[in-house]
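Here's the structure we're looking at; comments come further down.
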Amino acid sequence: MPKDFYVKKKEKDKTIAKERIEELFKQAKEVFKKDSSLANRYVKLARNIAMKTKTKIPSNLKKNFCKHCYSFLKPGINCRVRTKDNKLIYYCLNCKKYMRTVLKKPK
């Protein structure tokens, strides 16, 4: 029985998906003050689009949602941001989990 081969998505589909992801994050940012659950829904939709089309979420948008509970993060409201030992630490106040990213050292 032959193996199922990986089918590459077209570049056109990936660019449309990336535009849609960016639009969903923009809408989530706008609607967060009024309805945070709707903002979380937008993040989940953006993640589903990224997974379905096998595209990466842009790195500047990756810091805008929790990697554990997938809720939209707004520093000072439902997220705490700290720096320690050249690491940027995000603490989600919804699920009480940490996310760490390495800060680049200046040359």
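The values are calculated or read from the model by the stated rules, or taken from the named source; none is laboratory data. Please read these numbers as outputs of a predicted model, since none were measured by experiment. With ideal geometry, Cβ positions are generated from the backbone for all residues, glycine too; neighbour counts draw on all protein chains shown.
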Residues satisfying the stated conditions in region 66-105, i.e. among the hydroxyl-bearing types (S, T, Y), within 21 Å of Y42 (Cα to Cα) and without any contact (Cβ under 8 Å) to a residue 24 or more places away in the chain: Y91
Complete set of residues in region 30-53 that are within 18 Å of C79 (Cβ to Cβ), in contact with a Lys or Arg (Cβ under 8 Å, 6 or more places away or on another chain) and touching a residue at least 40 places away in the same chain (Cβ under 8 Å): F32
Those residues of region 31-40 which are assigned to a helix (DSSP H, G or I) and surrounded by fewer than 17 Cβ atoms within 10 Å (Cβ to Cβ), in sequence order: V31, S37, L38
Index of the failed condition, A46 passing every other in (1) in contact with a strand residue (DSSP E or B) (Cβ under 7 Å, 6 or more places away or on another chain); (2) modelled with pLDDT of 95 or more: (1)
All positions within region 54-73 that are out of contact with any Ser or Thr (no Cβ under 8 Å at 6 or more places or on another chain), surrounded by fewer than 19 Cβ atoms within 10 Å (Cβ to Cβ) and over 19 Å from T15 (Cβ atoms): K67, H68, C69, Y70
Top-ranked residue in region 65-106 [being in a strand (DSSP E or B) and polar (S, T, N, Q); ranked as nearest to S37 (Cα to Cα)]: T101
